[in-house]
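Quick notes on the structure that follows.
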Amino acid sequence: MKTLIMHPKDPTTDVLTGIYSSINNKTVINGGIPKLELRKLIITHDRIFMLGHGSPWGLLGMDQFPFSGTYIIDDSFVDELKEKTRNLYIWCHADQFVRRHGLSGLNCGMFISEVGEAFIYGFKDMDWATIEKSNEIFVHIVSKYINEPMGVLYERLFYEYGLLARTNPITKFNLERLHLNSPSSCMNLDKLAG
């Protein structure tokens, strides 16, 4: 299985490299290529991991991609992404992008990974250690099950990350915003918990 990892270079998301560090047969893109070349890579890979900062409109390029505009992954890639069912969309508000376009894969809503984000979402006195623990455990779990079927990855993430969510409010916040979408249905934590 060939995996394409889109992870624009940015020190605030370096922790996410742990998700794919042990994957064999991968192509990692941190910047430097135009969208036309990226489109060809998406077509020739079996699964696409998109990690970093973003919004409901796509994955931010973080000024790492020449002549590509603000977003390196945006609406212009929907047709190619619809052909893939084992994708990861890990950026803030990726769930809106995925749902709007009927895409498949593990995705998240707002995902708190920094102190400033915690503050914005009402965690006024959150310390870095609590956020860092949440980040590290999330990455560890995803990397452990990354080659399993998406349903297994999602269920294990829900369970194991959920253990930390009992004592870590940032983990609880993030866990409530993780989703698994498939072509015929949309799963979220409520369906697994119910």
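Odds and ends about this structure:
- Residue pairs meeting the criteria (Cβ under 6 Å; at least 6 apart or on separate chains; first within 16 Å of Phe111 (Cβ to Cβ), in the stretch 10-31; second small (Gly, Ala, Ser) and in a helix (DSSP H, G or I)): Gly18/Ser143; Ile19/Ser143
- If you go through the stretch 141-169 and keep only what is in a helix (DSSP H, G or I), under 15 Å from Arg86 (Cβ atoms) and among the aliphatic types (A, V, I, L, M), you end up with Val142, Met150, Val152, Leu153, Leu157.
- Count of the stretch 137-185 residues, restricted to those that are buried (at least 20 other Cβ atoms within 10 Å of the Cβ), in contact (Cβ under 8 Å) with a residue 60 or more places away in the chain and polar (S, T, N, Q), is 2.
- Among the residues listed as Ile23, Ile73, the single one being of a type outside the set (Asp, Glu), at pLDDT 95 or above and crowded, with 19+ Cβ neighbours inside 10 Å: Ile73
- Among residues of the stretch 80-117, those that are among the aromatic types (Phe, Trp, Tyr), more than 20 Å from Pro149 (Cα to Cα) and free of Cβ contacts under 8 Å to residues at least 60 places away in the same chain, counted: 2
- All positions within the stretch 69-111 that are more than 12 Å from the chain's Cα centre (by Cα) and β-branched (Val, Ile, Thr): Thr70, Ile72, Ile73, Val78, Thr85
The values are calculated or read from the model by the stated rules, or taken from the named source; none is laboratory data. All values derive from a computational prediction rather than experimental measurement. Every residue, glycine among them, receives a Cβ derived from its backbone with ideal geometry; neighbour counts consider all protein chains shown.
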